[in-house]
1. Kindly list the number of the only condition in (1) assigned to a helix (DSSP H, G or I); (2) surrounded by 16 or more Cβ atoms within 10 Å (Cβ to Cβ) that fails for PHE352.
2. Based on this model, can you work out whether GLY198 counts as surrounded by 15 or more Cβ atoms within 10 Å (Cβ to Cβ), in a loop (DSSP other than H, G, I, E, B) and out of contact with any Pro (no Cβ under 9 Å at 6 or more places or on another chain)?
3. For GLY316, state whether it is touching a Lys or Arg at 6+ places or on another chain (Cβ under 6 Å), outside any strand (DSSP E or B), on the phi > 0 side of the Ramachandran plot and without any contact (Cβ under 8 Å) to a residue 60 or more places away in the chain.
4. Of these, VAL18, VAL45, VAL70, which one is under 19 Å from VAL359 (Cα atoms), in contact with an Asp or Glu (Cβ under 6 Å, 6 or more places away or on another chain) and among the β-branched types (Val, Ile, Thr)?
5. Name every residue in the range 1-30 that is under 19 Å from ALA57 (Cα atoms) and out of contact with any strand residue (DSSP E or B) (no Cβ under 9 Å at 6 or more places or on another chain), in order of residue number.
6. Within the range 103-157, can you find the residues that are among the β-branched types (Val, Ile, Thr) and either at pLDDT below 95 or buried (at least 17 other Cβ atoms within 10 Å of the Cβ) (or both)?
7. Taking the range 229-263 on its own, how many of its residues are more than 14 Å from TRP149 (Cβ to Cβ), free of Cβ contacts under 8 Å to residues at least 40 places away in the same chain and crowded, with 16+ Cβ neighbours inside 10 Å?
Amino acid sequence: MPDSAPIDGHCDPRFRAVGDAFARNFAEQDERGAGVCIAVSGRWVVDLWGGWRAPGAPWQRDTLVNAYSVGKGILAVLTLALVEDGVLDLDAPVAGCWPEFGAEGKDAIDLRCLLTHRAGLPAVRERLPEGAELDWERICGALARQSPWWEPGTRHGYHVNTFGFLIGEVIRRRTGARVGDALRTRVTGPLAADFAWGVPHRDHPRIAPLLGTQPTRRVSPEHWPLAFPPSGDAERDRMIWHTYFNPSGLSGMGVVNSEGWRLAEIPSTNGHGTARGIATIYEALAPRAGRAPLVGPALLAEASRLQASGEDAVLGKPSFFGLGFQLAHPGRPLGPNAGAFGHYGYGGCLGFVDPRADVAFGYVTSRPGERWHTPRPQALIDALYDALGRD
């Protein structure tokens, strides 16, 4: 991307350093197309977009992009809002509304267990055919039938792709609405927030295709050991490979830019949104004069409290979760303040809220890259808190 990448939008003078960092990402970090939006104390202080949606087509304020696991944080917001409404119960067994799910020793798993990645269901055991990632009933049926990979509640492991199916099916069973419709009804519609699972055809021209070989190339079974080398534990290797690649397009590999992927509802992985849309959802968690927060303070305090930590059974490194949210830690910083929470997505897309500094943050990019320690959003976060005086 040349230094002259077009950049548009608004940046308050106090936060000029954020705008400078955004521009440097294009000049020095191979940013191709991106947006960043930040609210401080309920005021939008940064709303920038730049680069290219497609060759010759500049990125626009309403350009959508697949934000990957950012959607897990949005799903957590929706789930908590429904708990606040009394529609969902954190501690009620899932099998109470989804009887088939109680098979194979899963009868005691509750919604809290799903939200904290402790259910032992990070992968579908049975091999599924190509294209099954688009079949909601097939994925959910397989998860309901199978036994967990570990005893539920005894450890945690990042449910990379199954998280959205599991919680989304609980929502469907309790509300009668598919998860994308539930999100529009309870969260994004009232907030006018541009984020969706299942993008209608009319909005496909707004989507920026993801760039690079990894998200656009299928990973066939013979290549699984190259992506995740064998550990010597055959059962764990099978779990890891199935977590990411069963079925082959589960993580979006080879299908992420397809029409079918964009139309489907895959809440862990295929949420499409703008930086402003993501930041709007997180900003709505803060109480404001004349406005009730999307989730009440007591429930939000519980949701942002450490619920699962230590060595992650899937990632093989420490991870830290509240109720569906990633919590700030050295491996995934969310600014300098304890108490910040949100969710990263593959390649650096990010949404989070910092209650102490009263900050809501959204960043999207069409250039997936590093899975951890992504420099582009980190540069924006550092510039933001420098401007705030490291509050």
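1. (1)
2. Answer is yes for this residue.
3. Against the criterion (touching a Lys or Arg at 6+ places or on another chain (Cβ under 6 Å), outside any strand (DSSP E or B), on the phi > 0 side of the Ramachandran plot and without any contact (Cβ under 8 Å) to a residue 60 or more places away in the chain), GLY316 does not qualify.
4. Testing whether each residue is under 19 Å from VAL359 (Cα atoms), in contact with an Asp or Glu (Cβ under 6 Å, 6 or more places away or on another chain) and among the β-branched types (Val, Ile, Thr) leaves just VAL45.
5. Answer for the range 1-30, where residues must be under 19 Å from ALA57 (Cα atoms) and out of contact with any strand residue (DSSP E or B) (no Cβ under 9 Å at 6 or more places or on another chain): PRO2, ASP3, SER4, ALA27, ASP30.
6. If we filter the range 103-157 for residues that are among the β-branched types (Val, Ile, Thr), which is where we start, we get 109, 116, 124, 139, 154.
Across the range 103-157, the qualifying residues are ILE109, THR116, VAL124, ILE139.
7. Count: 3.
Listed here are the residues, each with its yes/no results for (1) aliphatic (A, V, I, L, M); (2) at positive phi.
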| residue | (1), (2) |
| --- | --- |
| PRO6 | no, no |
| GLY35 | no, no |
| GLY51 | no, yes |
| LEU64 | yes, no |
| ALA67 | yes, no |
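The values are calculated or read from the model by the stated rules, or taken from the named source; none is laboratory data. Predicted model only: the values in this text are computed from it and were never measured. Cβ atoms come from the backbone with ideal geometry, glycine included; neighbour counts cover every protein chain shown.
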